[in-house]
1. Taking only the range 107-129 into account, find how many residues are in a helix (DSSP H, G or I), modelled with pLDDT under 80 and surrounded by fewer than 19 Cβ atoms within 10 Å (Cβ to Cβ).
2. Which members of the range 193-204 meet the condition of being in contact with a helix residue (DSSP H, G or I) (Cβ under 8 Å, 6 or more places away or on another chain), under 21 Å from A118 (Cα atoms) and loosely packed, with under 15 Cβ neighbours inside 10 Å?
3. Hey, among T219, T206, T161, T177, which residue is over 35 Å from the mean Cα position of the chain (by Cα) and not aromatic (F, W, Y)?
4. All but one of (1) within 24 Å of A116 (Cα to Cα); (2) at pLDDT 85 or above; (3) surrounded by 14 or more Cβ atoms within 10 Å (Cβ to Cβ) hold for D167; which doesn't?
5. Determine the pairs where a residue that is at pLDDT 75 or above, located within the range 135-151, has a partner that is of a type in the set (V, I, T) and not in a loop (DSSP other than H, G, I, E, B) with Cβ atoms under 8 Å apart, the partner being 6 or more residues away or on another chain.
Amino acid sequence: MSAPAATTAGLRAKVRKLKRGAPSAPVAKAAAAAPAAPSASAGMRAKLRRTKRAAAPAAPAAAAGKSREPNLRLRWLLFNATAAGAGHLALWTLAGDPMAGVDLMARMTVSVPQLAAAGLTVGAAYGGWRAGGLLKGLPGLFGMAVRPLGALGAALWGQGTAPLVRDVLDTIEPWGTLLSPLLAAGPLAAACWYGLDRRAAAAHLTWPARWVLRIPLATVVVSSLLYAPGALL
């Protein structure tokens, strides 16, 4: 082998040795990214601290909510109890009897068949009016008179249901006596709630105004509760 060829072969051997000894690309990238690890861990620690700070006020808020719940129940109880007391005081002043509401509820319970017939009359008249609306497309006077005639016929039927209600209550005794206070107070309480209390809540009235409008409903409910033990006995 000549001298230039031997020199070239030696240079190539040195180049191969250098390539074998040089670090690979992934190793070099990992070495370059190694200093970034502390910064990433620092970011995670900062994020954890922010999460702890955000979650810290949750425990006092939950404790405040738990302590506020009994106060709301107590306020609701006092609100209704004072309204019922004011209603009974007004009845006492007008009738001269502290149990005037209970006596009124007892008379209403005796008149349950008539009250039920009155309610059925109103409901039947409304149902007849609505049912007549399905036939209002009839020609001429028939289309104009179908609704009034339907309401009138249904109301006449409902007006004569008092004996039927009385017979039903007598048939299911003693349940008839147990249900009579509910049948007497239920519609009246529903009317007080729908006509006064619900509208007051929807109008967002002040608490004094809502308290005044709660008096009829609370008085009816408490009167029925006071009369119920006597009816059960």
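1. Taking the range 107-129 as the starting set, the residues that turn out to be in a helix (DSSP H, G or I) are 107-110, 112-129.
Now narrow it down to the ones that are modelled with pLDDT under 80: 107-110.
Now drop any that are not surrounded by fewer than 19 Cβ atoms within 10 Å (Cβ to Cβ), which leaves 107, 110.
Final tally of qualifying residues: 2.
2. If the condition is that a residue be in contact with a helix residue (DSSP H, G or I) (Cβ under 8 Å, 6 or more places away or on another chain), under 21 Å from A118 (Cα atoms) and loosely packed, with under 15 Cβ neighbours inside 10 Å, then no residue fits.
3. Exactly one of T219, T206, T161, T177 is over 35 Å from the mean Cα position of the chain (by Cα) and not aromatic (F, W, Y), namely T161.
4. Of everything listed in (1) within 24 Å of A116 (Cα to Cα); (2) at pLDDT 85 or above; (3) surrounded by 14 or more Cβ atoms within 10 Å (Cβ to Cβ), D167 misses just condition (3).
5. From the range 135-151, the pairs are L135/V146.
Okay, residues lined up against (1) within 22 Å of A86 (Cβ to Cβ); (2) in contact with an Asp or Glu (Cβ under 7 Å, 6 or more places away or on another chain); (3) modelled with pLDDT of 85 or more; (4) surrounded by 14 or more Cβ atoms within 10 Å (Cβ to Cβ):
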residue: W175; (1), (2), (3), (4): no, no, no, no
residue: P181; (1), (2), (3), (4): no, no, no, yes
residue: L188; (1), (2), (3), (4): yes, no, no, yes
residue: A191; (1), (2), (3), (4): yes, no, yes, no
residue: T206; (1), (2), (3), (4): yes, no, yes, no
residue: R210; (1), (2), (3), (4): yes, no, yes, yes
residue: P216; (1), (2), (3), (4): yes, no, yes, yes
residue: V221; (1), (2), (3), (4): yes, no, yes, yes
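The values are calculated or read from the model by the stated rules, or taken from the named source; none is laboratory data. The shown structure was predicted, so the numbers you read here are calculated from the model rather than taken from an experiment. Neighbour counts are summed over all protein chains in view; Cβ atoms, including those assigned to glycine, are modelled from backbone coordinates with ideal geometry.
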